[in-house]
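Heads up: the structure comes next, in structure tokens.
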Amino acid sequence: MIASLLYYKKFCKSLTSIGFEFNPYDPCITNKIIDSKQMAICIQVDDCKLSHKSRKTMDGMIEWLKKKYEKIFEDGSGKRAISHGKIHKYLGMTLDYSTPG
């Protein structure tokens, strides 16, 4: 439990150092305006859901997260799973954004 809290604190510090602001009502959500559009990151332990209008901005943030937090071990474990598009499997849920509105 302590390790999870320490990881969360380090992760929050990393994101605030690049301009993200945490939601005062939900400490698992952080936002930043990039290119006049909001980027939101939802955090669940070491899983993240990122959203932004620009694919290029998303790819840049993903690369930053990989450099900062991805560790690949000899057995190949530790690699981040990344999905793009309208349908995602996340924390046992299927998130379907294929229907507008």
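A few comments on the model shown:
- Flagged links, alpha-carbon separation over 22 Å, of LYS10/LYS37; LYS49/LYS79; LYS49/LYS86; LYS13/LYS89: LYS10/LYS37; LYS13/LYS89
- Loop-located chymotrypsin sites (Phe, Trp or Tyr not before Pro) in segment 12-44 (DSSP state not H, G, I, E or B) with no more than 15 neighbouring Cβ atoms inside 10 Å: TYR25.
- Within segment 23-72, the trypsin sites (Lys or Arg not before Pro) that combine a DSSP coil assignment with at most 16 other C-beta atoms in a 10 angstrom radius are LYS53, LYS71.
- Listed values for segment 16-33 are Karplus-derived 3J(HN,Hα) couplings in whole Hz (6.51 cos²θ - 1.76 cosθ + 1.60, θ = phi - 60°), namely 5, 5, 10, x, 6, 10, 7, 5, x, 9, 9, x, 9, 10, 10, 9, 7, 8, and x replaces Gly and Pro.
- Table column - 3J(HN,Hα) (Hz), segment 39-55, Karplus curve with 6.51, -1.76, 1.60, x for Gly and Pro: 9, 10, 10, 9, 10, 9, 6, 10, 9, 10, 10, 9, 9, 6, 5, 9, 5
Where a number appears in this text, it was derived from the coordinates with a stated rule and is not lab data. Keep in mind that this is a model prediction, so the values were computed, not measured. Backbone-built Cβ (ideal geometry, glycine too); neighbour counts: all protein chains shown.
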